[in-house]
Every structure is written in C-alpha cells, then in structure tokens.
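The values are calculated or read from the model by the stated rules, or taken from the named source; none is laboratory data. All values reported here derive from a predicted model rather than from experimental measurement. Backbone-built Cβ (ideal geometry, glycine too); neighbour counts: all protein chains shown.
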Amino acid sequence: MLQLKRPIVFFDLECTGLDKENDRIVQIALYKLMPDFTAGSMWSYLINPQMPIPAKSTEIHGITDEMVKDKPLFRDIAGEVFDYFVGCDVGGYNSNAFDVPFLFNEFMRAGFQWNASSFNMIDVGNLFKIKETRTLSAAVLFYCHREMQNAHDAAVDITETVNVFLAQLMHYADLPGTVEELALYTNYGQKLADLSGKFYYDADNQLRYNFGKWKGELVSEHLDFAQWMYYKATFPTDTNEILAEVLNVFTSESDEWD
C-alpha cells in the first residue's frame, strides 16, 4: 500500500480554452488528501478571467461570463492558492500535461514561482490509462461502480478524482509504495525537470529533451538546440532557468579544456 509522507493536493481547472499561454482559469478546485488518507480541506473558486469565455468552453463546463463577472481575479487569490500547496505533493486527472503547466503560468503572471523540484506529481488519469485506458467518467464507473454526475464542474471532478485514486490504491496491489515512485510511474517513468515538460531526467539522472527533433536525446549532446531554445525561442521561466544552467555548465567545462 502506498505510504504518504505528506499531504497530496489534488486540483482541477476549468478554463476559457486549452491554450496554456493565452487562456485563463475560470474555476479552480483543490482537495487536500492527508497522509492517513483522510480528507483535509477542500476549496473551490470561480475566477474572473478578464476575457470572454468562448461559447464552446461554456458548453463543456457550464461557466458563463455572467457567473464570473464579479468574482476575484486569479492574482487576488494566487497567494492563498500558492500557500495551500506548500509542503504537499500534487495530484490531478490528466494534470501533468494540462493543469500543472496551466496553473504554473497563472502563478508566474501573479508573481509566484512554483518550483517543480519541491513536489511530486501524481497523475491519476495517466495511472488509469496505464492500467485501463479510460476517461474520468469511465474511471468512476470502473473503480467506484457508479455513474459520475455533473462532470466538468471542477469541484465534482476533483472530488471524483480523489475517489478514483483511493479506489486505485485498493484495486492494484502492485503499485509503488512511495509517492516518489508513484509519481515516476504515473509519468511513464520520466522525471520531469520543468513544469512544461520540455526536459526530463533519465534513470541515470541525465537531462534529456522531451520534445522536438532531439526528443529522448541527451541535452549535453545537442547544445545547439539548447542555445536555440534559450536565445531564439520563448519558453516558461523554469525551462529557461534549466537552459541557463545547462549552457553555463557546459560552456564552463569547455573553457576548462581550452
């Protein structure tokens, strides 16, 4: 059985769209699972995105411009949300690819640096895909033996995500026993170096590219691509910090050999 050393904050976002750079959060729900697997506190906020919510997005999550016009801006609650994560690991459903980098960008715009090295990420959706390959509604049916109601309300989604996670722990006896190992397992064996997932560490703790023509290759063997990323392209702050460190390290090593 999984051993928790600290709480896991599961969270879910509803947004104006899927663009992590240009769209904005309209609802965030957070659920803290305690180390003894009891429920901690749960928060749910509607947020004014300061931009129109497209009709196609409203069709999915049911949140309209009228519902959020008098709600706080993300920057108004960013400090409270940020503090909620302190000292906790992070979980969600399909969260590694969407919710985590999306929230990271919102934190950055609000002046908060969310450091990926400070927490493990448990993706319940990936765990389900690895084991069964289904949606959240199907996961609720499969693991909890009932139909899911009111999907795409963030508070409902994240509560059901925790329910599915607890059921998964009971269902699979062969799951890793620590959060660190389970985080690696639910990210398909990759330890991400940055929250946007451009780099990961391999089994030997060597930094590798996770996108582009050199995906899977050692960064140290293709520094020209790292230079292009740093000097010519635009990436999130934590990605650029890794690039700056990599380029400085390897430039310094090269200088030593001159």
Suppose we keep only residues that are closer than 16 Å to residue 22 by Cβ and more than 21 Å from the chain's Cα centre (by Cα) within segment 47-57. Which one would you say is surrounded by the fewest Cβ atoms within 10 Å (Cβ to Cβ)? 56
Looking only at residues that are aromatic (Phe, Trp, Tyr) and touching a strand residue (DSSP E or B) at 6+ places or on another chain (Cβ under 8 Å) in segment 58-90, which one is surrounded by the fewest Cβ atoms within 10 Å (Cβ to Cβ)? 84
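Give the residues of segment 162-174 that are in a helix (DSSP H, G or I) and small (Gly, Ala, Ser), sorted by residue number. I'd like the intermediate steps shown before the answer.
Let us first name the residues in segment 162-174 that are in a helix (DSSP H, G or I), namely 162-171.
The answer is 167, and nothing else.
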Segment 175-190 - residue that is in a loop (DSSP other than H, G, I, E, B) and on the phi < 0 side of the Ramachandran plot and, of those, surrounded by the most Cβ atoms within 10 Å (Cβ to Cβ): 187
In segment 1-40, how many are in contact (Cβ under 8 Å) with a residue 40 or more places away in the chain, over 22 Å from residue 94 (Cβ atoms) and polar (S, T, N, Q)? 1
Every listed condition ((1) crowded, with 19+ Cβ neighbours inside 10 Å; (2) among the small types (Gly, Ala, Ser); (3) within 21 Å of residue 39 (Cα to Cα)) holds for residue 193 save (3)
In segment 197-236, what residues are surrounded by fewer than 16 Cβ atoms within 10 Å (Cβ to Cβ) and either in the same structural domain as residue 183 (by TED's automatic domain parsing) or within 22 Å of residue 22 (Cβ to Cβ) (or both)? 211, 212, 232, 233, 234, 235
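With respect to residue 44, determine if the residue is among the hydroxyl-bearing types (Ser, Thr, Tyr), surrounded by fewer than 18 Cβ atoms within 10 Å (Cβ to Cβ) and closer than 17 Å to residue 160 by Cβ.
Working: among the hydroxyl-bearing types (Ser, Thr, Tyr): yes; surrounded by fewer than 18 Cβ atoms within 10 Å (Cβ to Cβ): yes; closer than 17 Å to residue 160 by Cβ: yes.
Considered against the rule, which asks whether it is among the hydroxyl-bearing types (Ser, Thr, Tyr), surrounded by fewer than 18 Cβ atoms within 10 Å (Cβ to Cβ) and closer than 17 Å to residue 160 by Cβ, residue 44 comes out as yes.
Criterion first (farther than 28 Å from residue 1 by Cβ and in contact with an Asp or Glu (Cβ under 9 Å, 6 or more places away or on another chain)) does residue 183 satisfy it?
On the way: farther than 28 Å from residue 1 by Cβ: no; in contact with an Asp or Glu (Cβ under 9 Å, 6 or more places away or on another chain): yes.
Spelling it out, it is not the case that residue 183 is farther than 28 Å from residue 1 by Cβ and in contact with an Asp or Glu (Cβ under 9 Å, 6 or more places away or on another chain).
Would a scan of segment 162-176 turn up a residue that is touching a residue at least 24 places away in the same chain (Cβ under 8 Å) and β-branched (Val, Ile, Thr)?
So the first thing to find is which residues in segment 162-176 are touching a residue at least 24 places away in the same chain (Cβ under 8 Å), and the list is 162, 164-169, 171-172, 175-176.
Still in the list and also β-branched (Val, Ile, Thr): 162, 164.
Yes, segment 162-176 has at least one match.
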Per the list (1) closer than 30 Å to residue 166 by Cβ; (2) in contact with a strand residue (DSSP E or B) (Cβ under 9 Å, 6 or more places away or on another chain), residue check on residue 105 breaks on (2)
Exactly one condition in (1) modelled with pLDDT of 95 or more; (2) over 24 Å from residue 24 (Cβ atoms); (3) not hydrophobic (A, V, I, L, M, F, W, C) is not met by residue 137; state its number. (1)
